[in-house]
Amino acid sequence: MGDTGMAATTFGEALARFAAEDPERPAITCGSDMLSRGELERRSNQLARAYAAHGVRGGDFVSIVLGNSPDYFAAAFAIWKLGAVPQPLSPSMTSREISGIVDLVRPAGVVGAAVSPAYRDLPSEAPAFDDRPLAPAIAPVWKATVTGGSTGRPKVIVVDTPAVVEQIVPVADSVDLPRQDTVVVPGPLHHNAPFLFATLGLLAGSHVVLQSRFDAERLLADVAGHRAGWLYVVPTMMQRIWRLDPAIRARYDLSALRRVVHMAAPCPSWLKRAWIDWLGPDRLLEVFSATESLAATRIDGNEWLRHPGSVGRPAIGEIEIWDEDETRLPPGRTGRVWLRRGPGVPAGYHYIGSNPNERDGGWQCLGDVGYFDEDGYLYLTDRDSDMIVVGGSNVYPAELEAALDEHPAVLTSCVIGLPHADLGAAPHAIVQTTRAVPTEEFDRFLRDRISPYKLPRSYEFTDQPLRDDAGKVRRAALRAERVTMIP
């Protein structure tokens, strides 16, 4: 690594320092499993030596196929201590899906899954190796995460930032992540944001509390029981918590909670207002960004009340709205959202398995559609790949889903476009409910909220969650399954 102009504290050195200061303090908890700072330091040293014995070297990728647990970060820190790069994968992926990603990345080993004889199977539990500190090593990039599953074309995003604490501190500051506190991150670590925030929490000396699987009441109990000061959630989690009986929510003392950060998906306005009324506007912070980290917006609850529905003003990088002719659009006009870090500033990431949608000047579009208001606040309408053209009119699933989710019986929903003989395509709503709801009731409910041409032409009901614990939905896969069933 070249001269950064600042101190270079490796991730391993940061953990070792916290372990030396207070070895018995909890570092990471998941349910009844906990590792103290000292235990995490020693276990990661043992695993690092085990991985090195299996041939892992600086700059190598190492895939992690584990569920949320303290062992996850024992493995991650072991990888960083060798100057290698953790590459999280979902343990719920099929072996074929895992193999597809691994064949792109070509890792030096895989933790938690036996993929094929071509890739070393690395241990997730600490073997009997020396647990003393290793010589400092800096991974040339600090993570490589998978995205794009909703489009059916997964790709790996390699963040071109070395594993140096000082270089990722600005990210922690942008979300008000505290130091030497307790932070709760219930999302799955194979997704970018939970992995990012849990890592930042550990590098800030905080106690990180995970969930093996999201449970709304258990999350409230974790926040209250650990006196957490910071919480990360996605709108799906917010909705499940809000659907709890008010008496259940009232059982838990959340007075220590100073900041709730939400991102990863649009938050319906009714749900955002409900949380503001419950916790107060000062605690809520919404962030819009992407794994590529080209740019980001932020908006607190007080700003949101003045600009309801907005995801905030740019706080990092630059954002513009362009039409199809690459013309910058004025406030109030909807178009594609284009982002860049700044004039002449490199993107800061690269893909494995894909190429960016890029134009002159370093501008990139990640698929979002939206507009700015007169005060420079960004509003997102949907993703262009999800848009349904109904008889020549554009229908955005996110608007329909937000209206559906407002119904008191709805837990989650997903709207997809299916072929229609007359209209070309028509919205089809897949809905998870707490009780049976006649379609006529949904039609009446929606007619008060959206235009008639946007109404679903068909409904499908399920008792299974449609979004995972990170709030993601595999819309393309859901559509493909239903299209094949159409005669």
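The values are calculated or read from the model by the stated rules, or taken from the named source; none is laboratory data. Model, not experiment: these values are computed from the prediction. All Cβ positions, glycine included, derive from the backbone under ideal geometry; neighbour counts span all protein chains shown.
Residues in region 223-240 that are in a helix (DSSP H, G or I), over 27 Å from T433 (Cβ atoms) and not aliphatic (A, V, I, L, M): G225 alone.
Residues that are within 23 Å of the chain's Cα centre (by Cα) and without any contact (Cβ under 8 Å) to a residue 60 or more places away in the chain were ranked within region 405-427; the one that is surrounded by the fewest Cβ atoms within 10 Å (Cβ to Cβ) is V410. Does V169 qualify as being assigned to a loop (DSSP other than H, G, I, E, B) and not acidic (D, E)? No: the conditions fail for V169. Within region 186-208, identify whether any single residue is touching a Gly at 6+ places or on another chain (Cβ under 9 Å), surrounded by 18 or more Cβ atoms within 10 Å (Cβ to Cβ), polar (S, T, N, Q) and part of a loop (DSSP other than H, G, I, E, B), and answer yes or no. For region 186-208, residues touching a Gly at 6+ places or on another chain (Cβ under 9 Å), surrounded by 18 or more Cβ atoms within 10 Å (Cβ to Cβ), polar (S, T, N, Q) and part of a loop (DSSP other than H, G, I, E, B): present. Here is the figure for region 323-351: residues that are surrounded by fewer than 16 Cβ atoms within 10 Å (Cβ to Cβ) and among the charged types (D, E, K, R) total 6. Within the option set R467, R474, being buried (at least 20 other Cβ atoms within 10 Å of the Cβ), among the charged types (D, E, K, R), touching a residue at least 60 places away in the same chain (Cβ under 8 Å) and not assigned by TED's automatic domain parsing to the domain that holds M238 holds for one residue only, R467. Looking across V105, V85, V111, V65, one residue alone is in contact with an Asp or Glu (Cβ under 9 Å, 6 or more places away or on another chain) and either free of Cβ contacts under 8 Å to residues at least 24 places away in the same chain or more than 20 Å from D130 (Cβ to Cβ) (or both). It is V85. With respect to being more than 17 Å from F77 (Cβ to Cβ), assigned to a loop (DSSP other than H, G, I, E, B) and in the same structural domain as V62 (by TED's automatic domain parsing), P162 falls outside the description.
Of all residues in region 352-370, at least one satisfies being in contact with a Gly (Cβ under 8 Å, 6 or more places away or on another chain), surrounded by fewer than 19 Cβ atoms within 10 Å (Cβ to Cβ) and in contact (Cβ under 8 Å) with a residue 60 or more places away in the chain.
Scanning region 201-221 for residues that are under 20 Å from D33 (Cα atoms) and either without any contact (Cβ under 8 Å) to a residue 60 or more places away in the chain or small (G, A, S) (or both) yields G201, G205, S206, S212, D215, A216, E217, R218, L219, L220, A221.
Checking every residue in region 308-320 against the condition of being without any contact (Cβ under 8 Å) to a residue 40 or more places away in the chain and closer than 19 Å to W363 by Cα gives at least one match.
If you check I450 against the conditions, is it part of a strand (DSSP E or B), touching a residue at least 40 places away in the same chain (Cβ under 8 Å) and within 19 Å of D386 (Cβ to Cβ)? For I450, the condition - part of a strand (DSSP E or B), touching a residue at least 40 places away in the same chain (Cβ under 8 Å) and within 19 Å of D386 (Cβ to Cβ) - is not met.
This table checks each residue for (1) over 30 Å from L189 (Cβ atoms); (2) in contact with a Phe, Trp or Tyr (Cβ under 7 Å, 6 or more places away or on another chain).
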site: H428; (1), (2): yes, no
site: V431; (1), (2): no, yes
site: R435; (1), (2): yes, no
site: T439; (1), (2): yes, yes
site: F442; (1), (2): yes, yes
site: D448; (1), (2): yes, no
site: R457; (1), (2): yes, no
site: D468; (1), (2): no, no
